[in-house]
1. Filter segment 14-55 down to residues that are among the hydrophobic types (A, V, I, L, M, F, W, C), out of contact with any helix residue (DSSP H, G or I) (no Cβ under 8 Å at 6 or more places or on another chain) and not in a helix (DSSP H, G or I), then give me how many there are.
2. Report whether or not Arg58 is surrounded by fewer than 15 Cβ atoms within 10 Å (Cβ to Cβ), assigned to a loop (DSSP other than H, G, I, E, B) and of a type outside the set (S, T, N, Q).
3. Assess whether Thr185 counts as being modelled with pLDDT of 85 or more and among the β-branched types (Val, Ile, Thr).
4. Consider Val158 against the criteria (1) surrounded by 18 or more Cβ atoms within 10 Å (Cβ to Cβ); (2) modelled with pLDDT of 85 or more; (3) within 25 Å of Pro11 (Cβ to Cβ): it satisfies all of them except one. Which criterion is unmet?
5. Hey, can you tell me all the residues within segment 53-67 that are under 16 Å from the mean Cα position of the chain (by Cα) and of a type in the set (Lys, Arg)?
6. Check whether at least one residue in segment 113-132 is at pLDDT below 70, more than 28 Å from Gly155 (Cβ to Cβ) and of a type in the set (Ser, Thr, Tyr), and report yes or no.
7. Limited to segment 166-191, what total is found for residues that are within 14 Å of the chain's Cα centre (by Cα) and crowded, with 20+ Cβ neighbours inside 10 Å?
8. Just one of (1) of a type in the set (Lys, Arg); (2) at pLDDT 90 or above; (3) in a loop (DSSP other than H, G, I, E, B) trips up Arg167, so point out which.
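The values are calculated or read from the model by the stated rules, or taken from the named source; none is laboratory data. This one's a predicted model, so the numbers in the text were calculated from it and none came from an experiment. So basically every Cβ, Gly included, is an ideal-geometry build from the backbone, and we count neighbours across all protein chains shown.
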Amino acid sequence: MVRSARSILHPRDRDVLRLIEEAWADAARPGDDNLAGSSARCGEYAYVAEFFHDRHWRNVTLETLKEYEGPANACYCFMSDTAFRYYLPAFMRIALDEPLAGPRSEWEASMVDVAVWALRPPRYRPEVHALERSLESPMEVTSPEATARLRAWWGRRVAGFTADQRRAIVAFLARMQERHGTTETAEALEHWAASGPG
């Protein structure tokens, strides 16, 4: 496991990392034809297919993601459901490896949030929808209907985790809540803790 020179892991972070490693130890890597969520020939999907080609989840680090052609903090959105489930531990590890204090770039900060945001179920926010509707040309991406479609997509992505992987996800989110205490992390943790290990 590659670590930055400045990171010193807290014992609880090491415990969660061990759970993640064990839960994904035997995970089957998706074939190269099943990395991107859509056509691997265009835009972000092509970046996913190229970057993750022949790459094990353990070889995805904060440093290697600097080589990703598109915005690395959005790459999981363009993965297939199978690839998303396979590479999630890499993003959880990046978040746990982030130092608790000290300088970090905006890019590093956004990468720490990736796993939490990926694990948070989409929910309708009427205040955001009201703001969107007030725009001259509303796109209606936050409507109840759009949120329901997004939640269905998200539900398919997270449906295939094993019981051990789900336990590792809960431990990861609990640790991130201890470290950062955000509303997003609390929402994600509440969902995963309530849904049980299997």
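1. As a first pass, look at segment 14-55 and keep what is among the hydrophobic types (A, V, I, L, M, F, W, C): 16-17, 19-20, 23-25, 27-28, 35-36, 40, 42, 46, 48-49, 51-52.
Restricting the remaining residues to those that are out of contact with any helix residue (DSSP H, G or I) (no Cβ under 8 Å at 6 or more places or on another chain) gives 25, 42, 46.
Still in the list and also not in a helix (DSSP H, G or I): 25, 42.
Of the residues in that region, 2 qualify.
2. Numbers: surrounded by fewer than 15 Cβ atoms within 10 Å (Cβ to Cβ): yes; assigned to a loop (DSSP other than H, G, I, E, B): no; of a type outside the set (S, T, N, Q): yes.
No, not satisfied.
3. On the way: modelled with pLDDT of 85 or more: yes; among the β-branched types (Val, Ile, Thr): yes.
Yes: the conditions hold for Thr185.
4. Against the list (1) surrounded by 18 or more Cβ atoms within 10 Å (Cβ to Cβ); (2) modelled with pLDDT of 85 or more; (3) within 25 Å of Pro11 (Cβ to Cβ), Val158 comes up short only on (3).
5. Hit for segment 53-67 is Arg58, nothing else.
6. At the first step, the residues of segment 113-132 found to be at pLDDT below 70 are 124-132.
Restricting the remaining residues to those that are more than 28 Å from Gly155 (Cβ to Cβ) gives none.
Scanning segment 113-132 turns up no residue that is at pLDDT below 70, more than 28 Å from Gly155 (Cβ to Cβ) and of a type in the set (Ser, Thr, Tyr).
7. Result for segment 166-191: 9.
8. (3)
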